[in-house]
Each structure stands twice: as structure tokens, then as C-alpha cells.
1. Please turn the phi angles of the range 90-95 into ³J(HN,Hα) values with the Karplus equation 6.51 cos²θ - 1.76 cosθ + 1.60 (θ = phi - 60°), one per residue in order, whole Hz, x for glycine and proline.
2. Once phi is turned into ³J(HN,Hα) by the Karplus curve 6.51 cos²θ - 1.76 cosθ + 1.60 with θ = phi - 60°, what whole-Hz value does each residue of the range 189-194 show in order, with x for glycine and proline?
3. Order these peptides, 180-189, 29-38, 122-131, by their mean beta-carbon neighbour count within 10 angstrom, highest first.
4. Where Lys and Arg each count +1 and Asp and Glu each count -1, what net charge lies around LEU223 among other residues with Cβ under 10 Å from its Cβ?
5. Per residue of the chain, what 222 nm ellipticity follows from adding -39500 (n - 2.57) for every DSSP H run with n ≥ 4, rounded to the nearest 500?
6. Counting C-alpha atoms alone, how compact is the chain: give Rg to one decimal and Dmax as a whole number, in angstrom.
7. Of ALA101, LEU29, GLY134, whose Cα points farthest to the positive end of the dipole of the chain (charges on the beta-carbon: +1 Lys, Arg; -1 Asp, Glu; origin at the Cα centre)?
8. Between ALA149 and ALA35, with labels modelled 7 Å along Cα→Cβ, what's the label distance in nm to one decimal, could you check?
Amino acid sequence: MSALDPLPARDAYPLWAARYDAENAVTQLDQMAAADLSPPLSGCRLLDAGCGTGRRIPRPSRQGPAVAVGVDLALDMLRAGRGGAGFARLVQADVCRLPIAAGTFDVVWCRLALGHVSDLAAAYRELQRVAAAGARLVVTDFHPDALRAGHRRTFRDAAGAVREVASRAYTPEAHAAAGGAAGFQLAQRREYRVGPEVRRFYDEAGCAERYERDLGLALVFGLEFWNQSATE
């Protein structure tokens, strides 16, 4: 197997853990999506499903969540993170099999993770199960347009070798359908494209020509759902 043979997430993310917190164009657009689509987090119960190192989970503040839990499949990711900080509980688990009671969370994030699951419908059913009545779900994913344009979910491991994470090209429509079947109502859908906000990542990589070619290309999409069981 070569370094660029796609690895399943279970194998890839432990190799990425040491360098995972370095930002890139995709994570920058993901941050923009989460800021746009998330409701106010003050006093909420927040789950970050597929949290990586937990670096996105807000620190305690008046505007922050009252309870924060991060779940990730890769134990190495959690160990590389900030689980010892005391403000968020980090748990090793599969997004499709969460060790969490039903109806627990007011806000659920699942960011840049569902492109790695084999059963999108099962993932949404599990996210709906742990969401409280009226809860908000924010999902981001790698845009299929980016995959069609030749972009891949790549990273450098601890030795500096370039690796690729296997990723499925789920469309926003597929996400919306799976979410609706699970009991969520779609509230917003947005696309995040290559533009000035991410140019520095291309420049730092010496890829100015690629930036000009990618300008306007959708790299990330984001969806906000609400748990319509609130009205049932």
C-alpha cells in the first residue's frame, strides 16, 4: 500500500492526531459554517460528534455551553487533545453508536465526519436519538464538487508522509434526505467556497496558481436541522 492509498477513517485519524490541529482551507470554511449555522450556545448541552482532538469545543464562558461532550472514534485523537482541561468530557465512540442517553443534547455538531460513514441514514438516526426535543443539529461535510475537482482529504502524518482519508461524496441532498427520514427538519443549507478567507493556505503551500483555478469552488457545505419531535 502506498502513502496515497485511501485509508479508512479508523486507520487514518490515529496517524493524523499529532498534526490534526493545524488549520487548512477546509477547516477554516468549516469554522465559518459552524459560526453561521449554530444557535447561541449559552447554557446549552453541546455534543460534538466526531470531535477529533476536541479543539472546536468552546471553553467555559457566559456565552458557552453548560455541558460539553466530544465523541470521536480515534482514541489517539482524544489523547492528543485537551481532555484534561476539565471543561469537556471526551469519549471514544462511533458516531453511529453513541453511548449517550436519548434526548440528552440541545445542540449537536457533526462536522466533517459523516463523509466517512458507510450508512448515512443510520448516522442521522443516532444523532436524532440523542437530540432533545427542539434541538439543533449542525452538520458540515466535504463538498462533492471538491472531490470532482480533484481535492482529497489528505494530511501529513508524524513522519511527514502525505496520507489520504477515504471519503464518500455524499451530496447536500443526500444529507437532507437522511436527516428528514430520521425526524429532523432542514432549516438552512449553505455552501462555502474558495475565496479570500482561505487564500493564505494556498499561498503558504506555494499553490497560488491552484488558488486561481479553485476560486469559487465549493469545498464545504453546511446544514442546520431542528429536531421536529418538539412539535409531536
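Coordinate-derived values only; no laboratory data. Because the structure is a prediction, the values reported are computed rather than measured. All Cβ positions, glycine included, derive from the backbone under ideal geometry; neighbour counts span all protein chains shown.
1. 10, 10, 7, 6, 7, 4
2. Along the range 189-194, the couplings run 9, 9, 10, 10, 10, 5 Hz.
3. 122-131, 29-38, 180-189
4. Taking every Cβ under 10 Å from that of LEU223, the sum is 0.
5. That calculation yields -8000 deg cm²/dmol at 222 nm.
6. In order Rg, Dmax, the Cα atoms of the chain give 17.1, 54 Å.
7. The listed residue farthest towards the positive side: ALA101.
8. 2.1
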